[in-house]
Amino acid sequence: MKGDPPGRERAALDEAIHHPTRLAVVAFLSACDEADFAAVRDGCQVSDSVLSKTASALEAAGYLGIRKGHVGKRPRTWLSLTSAGQQALAGHIAALQEIVATARTAAAREPAGPGGRAAPSPE
């Protein structure tokens, strides 16, 4: 990537789950085998339409399974994270951790400025 040291590539963030709402849905579903649409909606604090759009995008990426059925006479939708979704989340988290570790390493090499913070680079 541009700005990375020569010969070293930064771990790639997964663009399919990088958006905060998609990341929240994937993270929520990583904690269970399957969840009712309403539970995911409430847990991620989004509207029905936002979750529906998000679920469709994640399903298209192969990260989410959508199962429809009925409880009594009421239609229900259940969402689950696929194994590809679980792997994508793990890779995305690893990339975020690498970014943080790289930033901390770079900051530790910078001389401290006032207040103990790394001094800004002269340009």
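Things to note:
- Residues that are assigned to a helix (DSSP H, G or I) and within 9 Å of L81 (Cα to Cα) do occur in the range 29-51, at least one of them.
- Applying a threshold of 9 Å to beta carbon distances and a minimum spacing of six or more residues, or different chains, the list of pairs starting in the range 21-44 at a residue that is more than 13 Å from G65 (Cβ to Cβ) and ending at one that is part of a helix (DSSP H, G or I) and acidic (D, E) reads A38/D48; R41/D48.
- Qualifying residue in the range 14-21 (condition: surrounded by 14 or more Cβ atoms within 10 Å (Cβ to Cβ), in a loop (DSSP other than H, G, I, E, B) and at pLDDT 95 or above): no
- When the range 65-86 is limited to residues that are part of a strand (DSSP E or B), modelled with pLDDT of 95 or more and aliphatic (A, V, I, L, M), the one that is farthest from the chain's Cα centre (by Cα) turns out to be I66.
- Beta carbons closer than 7 Å, at least 6 apart along the sequence or on distinct chains, pair a first residue in the range 55-74 that is within 16 Å of P20 (Cα to Cα) with a second that is surrounded by 15 or more Cβ atoms within 10 Å (Cβ to Cβ) and of a type in the set (K, R) for A57/R22; L58/R22.
- Only one of the numbered conditions (1) surrounded by 13 or more Cβ atoms within 10 Å (Cβ to Cβ); (2) under 15 Å from the mean Cα position of the chain (by Cα); (3) closer than 14 Å to A27 by Cβ is not met by A90, and that is (1).
The values are calculated or read from the model by the stated rules, or taken from the named source; none is laboratory data. Please read these numbers as outputs of a predicted model, since none were measured by experiment. A quick note on method: Cβ atoms are made from the backbone with ideal geometry, for glycine too, and the neighbour counts reach across all protein chains shown.
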